[in-house]
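Please treat every number below as a calculation from the coordinates, not as lab data. Remember, predicted model here, so these are calculated numbers, not experimental data. Glycine gets a Cβ as well: all are built from the backbone with ideal geometry, and neighbour counts include every protein chain shown.
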Amino acid sequence: MIQGDEMRMHAKITCTYADEQVCKAVVAALVPDNLRVPRGLRVSTIRDGKRAVTEVQLDGRVETLLATIDDVLACTLAAESML
């Protein structure tokens, strides 16, 4: 149930890679982070060919959405830097 200053929000982050194997490795690195999330937050990452697609759905505060997007991008950057 959405209360007070909470909203229902959705964000989609798509990263396109030149190499499908790099994309596969990045997605594999991101998936464990999606398993344990707070109540009201849903995060999923899939690979679509050379694209890594992360969707974030939140019933909550905009600050939580922004922090989650920042987390996803930081984890993506970390995964890319290891390849």
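Below is a table of values for the structure above.
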| item | result |
| --- | --- |
| Qualifying positions in segment 15-37 - over 23 Å from E63 (Cβ atoms) and in contact (Cβ under 8 Å) with a residue 40 or more places away in the chain | C15, V22, A25, V26, A29 |
| Within segment 31-67, tally of residues that are touching a His at 6+ places or on another chain (Cβ under 9 Å) and of a type in the set (D, E, K, R) | 1 |
| Residue among A67, A52 that alone is small (G, A, S) and either over 22 Å from L83 (Cα atoms) or in contact (Cβ under 8 Å) with a residue 40 or more places away in the chain (or both) | A67 |
